[in-house]
Amino acid sequence: MPSYPKPQVKQYHPPVKATWWLARPAYIKFMVRELTSLFIAGYAAFLVVLMAKADDVAAFQSIMDALKTPVSILLHLIVLGFALFHSITFFNLTPRVLVVQRGEDRLADAAIAGAHYAMWLVATLVILFVATR
Amino acid sequence: MHHQRSREPLWWLPFSGGMMVDALAIPALVIVTGLLIPFALVNPESFRNLLIHPLVRAAVFVIAALSFFHAAHRLKFTLIDLGLKDAKIALGFICYGGAIVGTLLTAAIALGLM
């Protein structure tokens, strides 16, 4: 059997600009969704700092005082906006990810998303109850 | 022909866990530290005592660790999508490495070692 040289095929990748995601609202929404995870991770790191200072009364108190500043409240509101965007878009997506089969029928999308929203409500109430009690 | 198995599924579990935990817990936590404490609806001293409780420390560890992996995974693929395709392997090390270091630091803090 004759041997042929391997064809030298180079795949063509059309150039993509770093700003491609600005082209459509759906792409922008996708990027914002990606971005929410960074704000949430940053907030999680802040929670870890709070935990680290919990046995140091003076240091903890100075963080508590800092929470009262307008800058802190503004930052929290920004994080809250991103966090709510993540929660809502994620729970709305759950029917696409989780398919519950009941006999011949699929459980309705609204039921699956609704169950997640109910879980969110319970988790929120538990956290607020534990914190304010 | 031998195909190397992708290690990617390994990162999906903390990623999807992070998506779920973040969606459920973060808005309420932000409301507590961002609004309820500054407006004196949560007592700072009882909040401090909560953060000393082992169950709360375990919960903060889980939330933080999953959030770090969730963000690491998204950051890696967002940067690839923004054009850093050639740096894929380095980005993996940096992003997941950062999440691993953050998780180890958080574990040490939660256990009271730091």
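The values are calculated or read from the model by the stated rules, or taken from the named source; none is laboratory data. Here the structure is a predicted model, which means the values were calculated and not measured. Cβ placement follows ideal geometry from the backbone for every residue including glycine, while neighbour counts extend to all protein chains displayed. Side chains are part of the model used for accessible areas, which takes the heavy atoms of the whole protein and leaves out ligands, DNA and RNA. Shrake-Rupley method; radii C 1.70, N 1.55, O 1.52, S 1.80 Å.
Rounded, prolate or oblate for the stretch B:14-110? Axes are the square roots of the Cα gyration tensor eigenvalues, ordered a ≥ b ≥ c, and the cut-off for rounded is a/c under 1.5.
Prolate shape, in that a/c is at least 1.5 and a/b is the bigger ratio.
Take each uninterrupted DSSP H stretch in chain A, measure its Cα extent along the helix axis, and return the ones at 15 Å or beyond whose mean Kyte-Doolittle hydropathy is at least -1.0.
A:25-52, A:70-97, A:109-132
Please state the relative contact order of chain B as a whole percent: Cα pairs under 8 Å, 6+ residues apart?
That works out to 32 percent.
Once you sort the root eigenvalues of the Cα gyration tensor of the stretch A:20-132 as a ≥ b ≥ c, which label holds: rounded (a/c under 1.5), prolate (a/b larger than b/c) or oblate (the other case)?
oblate
For chain B, the longest stretch holding no trypsin sites (Lys or Arg not before Pro) located in a DSSP loop with at most 12 other Cβ atoms within 10 Å is which?
Segment B:8-114 is the longest.
Extending each Cα 7 Å along its Cβ direction at B:L13 and A:A18, get the distance between those two points in nm, one decimal.
3.6
By how many nm would the segment from A:Q11 to A:Q61 grow when fully extended, if each residue of separation counts as 0.36 nm and the alpha-carbon distance is taken off? Each step should come with its number before you reach the end.
On the way: separation 50, 0.36 × 50 = 18.00 nm, distance 5.99 nm.
Using 0.36 nm per residue and subtracting the Cα-Cα distance, I get 12.0 nm.
With each run of n ≥ 4 DSSP H residues scored as -39500 (n - 2.57), what mean residue ellipticity at 222 nm is computed for the protein assembly as shown after dividing by its residue count and rounding to the nearest 500 deg cm²/dmol?
Value at 222 nm, helices only: -24500 deg cm²/dmol.
Could you state the angle between the C-alpha long axis of helix B:88-110 and the longest principal axis of the C-alpha atoms of chain B, as a value from 0 to 90 degrees rounded to the nearest 10?
30
Going through the stretch A:1-87, which chymotrypsin sites (Phe, Trp or Tyr not before Pro) have at most 15 other Cβ atoms within 10 Å and a DSSP loop state?
A:Y12
Would you kindly derive the ³J(HN,Hα) couplings of the stretch B:67-74 from the backbone phi angles with the Karplus curve 6.51 cos²θ - 1.76 cosθ + 1.60 (θ = phi - 60°), listing them in order in whole Hz, with x for Gly and Pro?
Running phi through 6.51 cos²θ - 1.76 cosθ + 1.60 with θ = phi - 60° gives 5, 5, 5, 4, 5, 4, 5, 5 Hz.
Leaving ligands, DNA and RNA out of it, work out the accessible area of A:I88 with a 1.4 Å probe and give it in Å² to the nearest 10.
For A:I88, solvent-accessible area is about 70 Å².
If you project the alpha carbons of the protein assembly as shown onto the principal axes, what extent comes out on each, in Å, largest first?
Taking the Cα atoms of the protein assembly as shown, the three principal extents are 83, 48, 36 Å.
Quick one: if the Förster radius is 30 Å, what FRET efficiency do A:A108 and A:V32 give, using the C-beta to C-beta distance and rounding to 0.05?
0.60
What is the helix-to-structure angle for B:9-31, meaning the angle in degrees between its Cα long axis and the longest Cα principal axis of chain B, kept from 0 to 90 and rounded to the nearest 10?
30
Among the trypsin sites (Lys or Arg not before Pro) within the stretch A:1-60, which fall in a DSSP loop and have no more than 10 other Cβ atoms within 10 Å of their own Cβ?
Numbers: sites: A:K10, A:K17, A:K29, A:R33, A:K53; in loops: A:K10, A:K17, A:K53.
Passing sites in the stretch A:1-60 are A:K10, A:K17.
How crowded by other chains is B:40-48, given as the mean number of beta carbons from other chains within 10 Å of each beta carbon? If you can, show how the numbers build up before the last one.
Numbers: counts 1, 3, 5, 4, 7, 4, 4, 8, 10.
For peptide B:40-48, the averaged partner shielding equals 5.
Which three extents, in angstrom, do the Cα atoms of the stretch A:86-133 have along their principal axes, listed largest first?
47, 22, 12
Restrict the search to the stretch B:17-114; then list the chymotrypsin sites (Phe, Trp or Tyr not before Pro) that DSSP places in a loop and that have at most 13 other Cβ atoms within 10 Å of their Cβ. List each step's numbers first, then the result.
Values: sites: B:F39, B:F47, B:F61, B:F68, B:F69, B:F77, B:F93, B:Y96; in loops: B:F39.
Here the sparse-neighbourhood loop sites are B:F39.
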